[in-house]
Amino acid sequence: MSARVQAEPFDLAAELSGFGTGAGAVVTFTGLVRDDTGLMAALQIEHYPGMTERALSDYGAEAARRFQLSDWRIIHRHGRIEVGAPIMMVATAARHRRAAFEGADYLMDWLKSRAPFWKQEIARDGSATWVQAKNSDEDALLRW
Amino acid sequence: MSARVQAEPFDLAAELSGFGTGAGAVVTFTGLVRDDTGLMAALQIEHYPGMTERALSDYGAEAARRFQLSDWRIIHRHGRIEVGAPIMMVATAARHRRAAFEGADYLMDWLKSRAPFWKQEIARDGSATWVQAKNSDEDALLRW
Amino acid sequence: MTLEILYFAWLRERVGQPRETVSTDAATVRDLVSQLVARSDGHAAAFADLGTLRCAVDQQLADLDAPLAGVREVAFFPPMTGG
Amino acid sequence: MTLEILYFAWLRERVGQPRETVSTDAATVRDLVSQLVARSDGHAAAFADLGTLRCAVDQQLADLDAPLAGVREVAFFPPMTGG
């Protein structure tokens, strides 16, 4: 049960070593920098030190309570992240698959709209554009 | 895009190496042998060689079509699997998180009720009990 | 017509063998079942509850009304419990 | 009352600095915003659209009507885009 914010890449395999021992179901989500246009070089991610860790821990604890997760982990990177590299991951462990899926899904919806991160797309020519929040991300929270 | 049936354990990290390159979202589900009573030693899993591979490939291809997955992988073990060990995994890759989540969730529902596997619980005293199918697993298919 | 019949899980245990070859004129899976039931007490026990019986025809899930013309392999088993 | 004010993302760019310390008698976040707007054109631009403004009071998400009594740190930023 832990939340981390870091600039360094993470290793999903290492993170899952010993994760969820005794559980029946483990779900992981990994978000990667995607380049839809062929023009993007990287993402630059800004966050709110202090608040970020607190928010991630709060959402993790709330998901654990709500879906009876036996274990959870959240890792979110900040700084410059190249196209193709991992941005963040969540992992959830529970007795049954439904709870593990829903816990991970719930955490992702909260991270998208309620964790203090802001993404900037860095193009190959060096120009930077702030990513706009999507209404669909806000709407997704209404599911819970 | 592959489905495998094997007696050997699998290594989630190795399976995900190079998986879903270019995608924005990767979801994995891992099922582990759970011992709720403290009396269980292992699962023994029987399957239908020939049909199993075909069924898993068909469900993977259907999930890819339906949720526009850019990659998917299914691994399911058979034979004796000790408590705590992984039974099976699915991984899905897509542009967006919703599709990756739904693709994995869909595959799990089909695997539970439509892939030709049968589980037997092996107790520590050596006695074996066939696992009964759950109505909830059958009902889960109605969601899709 | 000669068919390869396969049994899995507790159907296999009740029949007492994992497979057998039968010669039959059954038109559908249901006809085939009514012939198999007569083979032994084990067969009768295996097919006692058609409500939970599952089958595959040439390795594709099928129902009891599936026709057998041109078919080579029919498998019978309880509800699946994978995943 | 002395408050530490933080700005993130394009609000930070418009204001032209990541943080500032202000002395204020504002009762709520909304009152504080109307005082900050008067500080510079950059501040005015940062707070031009209150509909999309997000804020945190002592590192907890809050709305514009949140009271400031006893508060030490207020942060302003656009809608979050994590995950």
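The values are calculated or read from the model by the stated rules, or taken from the named source; none is laboratory data. Everything quoted here is computed from the prediction, not taken from an experiment. Cβ coordinates were reconstructed from backbone atoms using ideal geometry, including for glycine residues, and neighbour counts include every protein chain displayed.
Observations on the model:
- Failed condition for A:Phe19, given (1) of a type in the set (A, V, I, L, M, F, W, C); (2) in contact with a Leu (Cβ under 9 Å, 6 or more places away or on another chain); (3) farther than 25 Å from A:Gln132 by Cα; (4) outside any helix (DSSP H, G or I): (2)
- Put simply, of A:His96, A:His76 the only residue that is surrounded by fewer than 23 Cβ atoms within 10 Å (Cβ to Cβ) and within 28 Å of B:Phe29 (Cβ to Cβ) is A:His96.
- Test: A:Thr28 is touching a Gly at 6+ places or on another chain (Cβ under 6 Å), crowded, with 22+ Cβ neighbours inside 10 Å and either within 30 Å of B:Asp36 (Cα to Cα) or within 11 Å of chain B (Cβ to nearest Cβ) (or both): no
- Elements of type strands (runs of 3 or more DSSP E) in region B:37-144, at least 1 residues being farther than 25 Å from C:Leu6 by Cβ and under 13 Å from the mean Cα position of the chain (by Cα): B:71-77, B:86-94
- Residue match in region A:88-108 (condition: more than 22 Å from B:Ala23 (Cα to Cα), out of contact with any Lys or Arg (no Cβ under 6 Å at 6 or more places or on another chain) and β-branched (Val, Ile, Thr)): no
- Among the residues making up region B:74-110, those that are in contact with an Asp or Glu (Cβ under 6 Å, 6 or more places away or on another chain) and of a type outside the set (Val, Ile, Thr) are B:Ala93, B:Phe101.
- Conditions (1) more than 10 Å from chain C (Cβ to nearest Cβ); (2) touching a strand residue (DSSP E or B) at 6+ places or on another chain (Cβ under 9 Å); number of the one not met by B:Leu141: (2)
- Considered as a group, the residues in region A:6-22 that are facing another protein chain (nearest Cβ under 10 Å) and closer than 22 Å to A:Asp58 by Cβ include one that is surrounded by the most Cβ atoms within 10 Å (Cβ to Cβ), and that residue is A:Gly20.
- Filter result (of a type in the set (S, T, N, Q) and buried (at least 16 other Cβ atoms within 10 Å of the Cβ)) within region A:113-131: A:Ser113, A:Gln120
- Any hit, region A:55-64, residues being at pLDDT 95 or above, surrounded by fewer than 20 Cβ atoms within 10 Å (Cβ to Cβ) and not small (Gly, Ala, Ser): yes
- Flag for B:Arg124 being under 26 Å from A:Val33 (Cβ atoms) and modelled with pLDDT of 95 or more: no
- In region A:1-49, the residues that are over 21 Å from A:Ala94 (Cβ atoms) and among the β-branched types (Val, Ile, Thr): A:Val5, A:Val33, A:Thr37, A:Ile45
- Yes/no for D:Gln35 being of a type in the set (S, T, N, Q) and under 11 Å from the mean Cα position of the chain (by Cα): yes
- Given (1) within 11 Å of chain B (Cβ to nearest Cβ); (2) over 21 Å from B:Ala13 (Cα atoms); (3) of a type in the set (S, T, N, Q), index of the condition A:Gln44 fails: (1)
- Residue among B:Glu102, B:Glu138 that is surrounded by fewer than 17 Cβ atoms within 10 Å (Cβ to Cβ) and out of contact with any Gly (no Cβ under 8 Å at 6 or more places or on another chain): B:Glu138
- Residue match in region A:103-120 (condition: more than 14 Å from chain D (Cβ to nearest Cβ) and without any contact (Cβ under 8 Å) to a residue 12 or more places away in the chain): no
- Across region C:1-11, the qualifying residues are those that are more than 10 Å from the chain's Cα centre (by Cα) and not aliphatic (A, V, I, L, M), and the one among them that is farthest from the other protein chains (Cβ to nearest Cβ) is C:Thr2.
- Test: residue in region C:27-48 that is at the interface with chain B (Cβ under 9 Å from one of its Cβ atoms) and over 24 Å from B:Leu56 (Cα atoms): no
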